[in-house]
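The values are calculated or read from the model by the stated rules, or taken from the named source; none is laboratory data. Remember, predicted model here, so these are calculated numbers, not experimental data. Because the Cβ atoms are built from the backbone with ideal geometry, glycine has one as well, and the counts that use them run over all protein chains shown. When the accessible area is computed, the model is the full protein with side chains, heavy atoms only, and any ligands, DNA or RNA have been set aside. Shrake-Rupley method; radii C 1.70, N 1.55, O 1.52, S 1.80 Å.
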Amino acid sequence: MSLISQNPVSRNKVKVKRDDKVVSINGDRNDTENGLESDSEISKLKKRKKEKEKKIEVEQETEMKNLESFLFGSIYSPLEFGKQVEEKAHDVVAEDGSALFFLDSSTNNVELSEECDYEQKTYKERKAVWVDEEEERTVINIAKVNRLRKLRKEEDESVISGSEYVSRLRAQHAKLNPGTEWAKLDSGLRNDHGYDDESSDEEKGVVAASGYGNGEVVDDILRTNEDLVVKSRVKLLPGLLEYSRLVDANAEEPSNGPINSVQFHRNAQLLLATGLDRRIRFFQIDGKRNTKIQSVFLEDCPIRKASFLPDGSQVIIAGRRKFFYCFDLVKAKVEKIGPLVGREEKSLEVFEISPDSSMIAFVGNEGYILLVSSKTKELIGTLKMNGTVRSLAFADNGNQLLSSGGDGQVYHWDLRTRTCIHKAVDEGCINGTALCTSPNGRMFAAGSDSGIVNIYNRDEFLGGKRKPIKTVENLTTKVDFMKFNSDAQILAICSTMKKNGLKLIHVPSFTVYSNWPPLNKNLQYPRCLDFSPGGGFMAVGNAAGKVLLYKLHHYNHA
């Protein structure tokens, strides 16, 4: 059966307009055929409408990208060397359709460096805002003036034009003052050249500083309060020491007795000062006011020595007592410790703390060295010398201990095995009174009761060489105290038995500074000394109860 009706229908056409197009429908078709055709037309129109909308979106997106690239640089299509030039080269054709020239992309026959190409491109792109007409008319003889001869390209060249003279001056300035990466105008060129620089640095073995290896340099600068420009650390010079006197460290509360210990905290701002008045005082050192922070009174212990643990958490305090004290800086609590189990020592006034804060070594009776744990404050071992013990010093990050005393010998102890690994006579010494090791452990100094200070290379001494690398004879009385500064360029030696008995030695040259102690200033009887962690401050405690504070100008930080 046919779907077309046999009944005649009027030929009137009904015009339907969809999407700006007129569709005519013949009136002689039945309802079913009209429905099918209208559905197909609607689907086609919808498809065309979607394609048109999609095309409009693509055009809008392309337009936005072009606008962003124009404003912020080519961020969607980074500039690559060679591609644009090749495209331009292919576009240039002769009348007969053949290319006028071609580009040789081989890398073996490159005559000009990338740097020259970059400079030429930069100068071509940048046009001068103003041109001086006098430059073309001016003539300059560069061979006549000595300082201009370096601008010559040939040996016999003499007269050049003004414009050429200006360009050569600019080239010389760029050579002497190379521009920084961030100051280059073309970001695309800068990125490509930066990649080449990084690759060349990697080939040469150059490694970026920690924290600045990635692209977040600006963020790293903004996250820190460190100095952006730091003075280069040149070596300390011998002869004259540059220093200045500051306000006394304990000016707010001087001691009523001699100062026996001064020491800077690891943060370089906190200083402790103790003495026979049984008080331990803490000061905030700034060189101007030196504000007092706290004072602790120990009723039954005139303090002979006090020292921070290297980790900065506690202070060990001792005197001529069979016990000692521990002051917790965090809890602000004083703890009395001792007497040590199994020992009969009546004085624990001489001690040293290991650099790793794990152990405290006390000088005991009859040549014994008492090893006490800094955590449990209990005796964990003893070492025995042939003579009496008078001085101690740690080395090798706390793994070794040096000791000297009444037999004139220097002992080296391995604290891991608790055995003596080496002992040798200190040259010219009868009674050793002081020991000190440099922060890096390469050198140590030994002082005696005759005022002689011998400086040794520790590795050579352990290898059997008994000769000191330098003997200092500037003191005439017993050496009581010695101290290296943080970079081992200064060694301070002190005798408490004579006024102004404090000398500073320039270690690299092994000479004594001639302008120290100050001629017009009286140090009284110096008893102790300490350098700040950065080397900028030096504190000297004397028998008058004052802590003299000095600024060493060579060091930038406290």
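Data table
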| quantity | calculated |
| --- | --- |
| Long pairs among K521/K551; K346/K377; K288/K333; K470/K546, criterion Cα-Cα beyond 25 Å | K288/K333; K470/K546 |
| Residue-wise HN-Hα coupling along the stretch 266-281, computed from phi with Karplus coefficients 6.51, -1.76, 1.60 (Hz; x: Gly, Pro) | 5, 7, 6, 10, 9, 10, 9, 9, 10, x, 6, 7, 6, 10, 10, 10 |
| Label-to-label distance, nm, for residues given as V350 and E299 (7 Å Cα→Cβ offset) | 3.2 nm |
| The stretch 293-334 versus the stretch 350-394: alpha-carbon centroid distance in Å | 17 Å |
| Distance (nanometres) between label positions extended 7 Å along Cα→Cβ at R416 and E134 | 7.8 nm |
| Binned Cα-Cα distance frequencies in the stretch 338-395 - 10 Å width, integer % | 24, 60, 16 |
| Where labels lie 7 Å past Cα in the beta-carbon direction, separation of E63 and D396 in nm | 7.9 nm |
| HN-Hα J in Hz across the stretch 443-454 - Karplus 6.51, -1.76, 1.60, θ = phi - 60°, x for Gly and Pro | 10, 8, 10, 10, x, 10, 6, 8, x, 7, 10, 9 |
| Sulfur and carbon atoms: percent of accessible area, the stretch 244-552 [1.4 Å] | 45 percent |
| Average accessible surface area per residue within the stretch 244-552, 1.4 Å rolling probe, Å² | 42 Å² |
| Relative contact order computed over the stretch 486-529 (Cα-Cα under 8 Å; 6+ residues apart), in percent | 40 percent |
| Added length on full extension, which subtracts the Cα-Cα distance from 0.36 nm per residue, E242 to I56 | 59.3 nm |
| Relative contact order of the stretch 307-371, defined on C-alpha pairs under 8 angstrom at six or more residues apart (%) | 25 percent |
| In order through the stretch 376-388: 3J(HN,Hα) via Karplus (6.51 cos²θ - 1.76 cosθ + 1.60), integer Hz, x for Gly, Pro | 8, 6, 10, 5, 10, x, 9, 10, 10, 9, 6, x, 6 |
| Descending semi-axes in Å of the stretch 244-552, equivalent ellipsoid built from Cα gyration tensor | 28, 25, 17 |
| Amide proton proximity set for K470, modelled H, under 5 Å, gap of 5+ | I455 |
| Mean-position separation - Cα centroids, the stretch 263-277 and the stretch 491-558, in angstrom | 16 Å |
